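The values are calculated or read from the model by the stated rules, or taken from the named source; none is laboratory data. Bear in mind the structure is a predicted one, so any value in this text is a computation, not a measurement. Backbone-built Cβ (ideal geometry, glycine too); neighbour counts: all protein chains shown.
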Ligand code: SAM
């Protein structure tokens, strides 16, 4: 999601340093201390405007959530939304690029990674930028616990197919593949993202749930 750059975004995020990590490497291996408990930690990478992670944090108070977004302008929208709600002590935000999360989280520090409607980068020459490309799977494998899950949703069929092949070639273990999330049984607890609300009327939503095992 690229929005017109908001020059006030970074100062705003800096003012809310209790909620937003702008230099998160300082907490490597110490994320449980940040939350003050040993609850599981789930992250959404490419959070956008935050609906998914905020609703998850509200529903699941015994899980710690971190919404990660590369662009300050988008992140600011999510943080403002959050500030208008009741306090959720189990939610924080981070301005960071998926590619460097191995420098932010220690090995096995994360229980669940969510990738929701990541940019599909449709041109073949841009395939390395897709967040399910093998170099990104390296990062997720490193930061996830052995039994930790990566859950991916998209409305983009070619990106879904690419991701299936990429994950399979990587040796991931598939727990579930769903070809039409909104018309399948067993997903009643699905939390919708902004993109999901916007694009699901036009076609199926695909979902993949994997772990990297041993
Ligand atoms: N997850 C949201 C949703 O489903 O509504 C937003 C989807 S939007 C298409 C993709 C988001 O990922 C954008 O907000 C974009 O800025 C962010 N993003 C793209 N590349 C990223 C990266 N390498 N690291 C972190 N965020 C990234």
Legend entry - Flag if residue 146 is under 21 Å from residue 47 (Cα atoms) and more than 13 Å from the ligand (Cβ to nearest atom): no
Inset, instruction - Name the helices (runs of 4 or more DSSP H) wholly inside the stretch 1-113 in which the number of residues that are under 16 Å from the mean Cα position of the chain (by Cα), in contact (Cβ under 8 Å) with a residue 24 or more places away in the chain and crowded, with 17+ Cβ neighbours inside 10 Å is 2 or more. - result: 51-59, 72-83
Legend entry - Which numbered condition residue 141 misses (of (1) outside any loop (DSSP other than H, G, I, E, B); (2) free of Cβ contacts under 8 Å to residues at least 40 places away in the same chain; (3) under 18 Å from the mean Cα position of the chain (by Cα)): (2)
Inset, instruction - Please work out which residue is nearest to the ligand (Cβ to nearest atom), limiting yourself to the stretch 165-214 and to residues that are out of contact with any helix residue (DSSP H, G or I) (no Cβ under 9 Å at 6 or more places or on another chain) and within 19 Å of residue 46 (Cα to Cα). - result: 195
Inset, instruction - Taking only the stretch 47-62 into account, find how many residues are out of contact with any helix residue (DSSP H, G or I) (no Cβ under 7 Å at 6 or more places or on another chain) and either under 11 Å from residue 88 (Cβ atoms) or modelled with pLDDT under 95 (or both). - result: 8
Legend entry - Cβ pairs under 9 Å, 6+ apart, first in the stretch 119-135 and over 18 Å from residue 97 (Cβ atoms), second near the ligand (Cβ under 10 Å from one of its atoms): 122/156
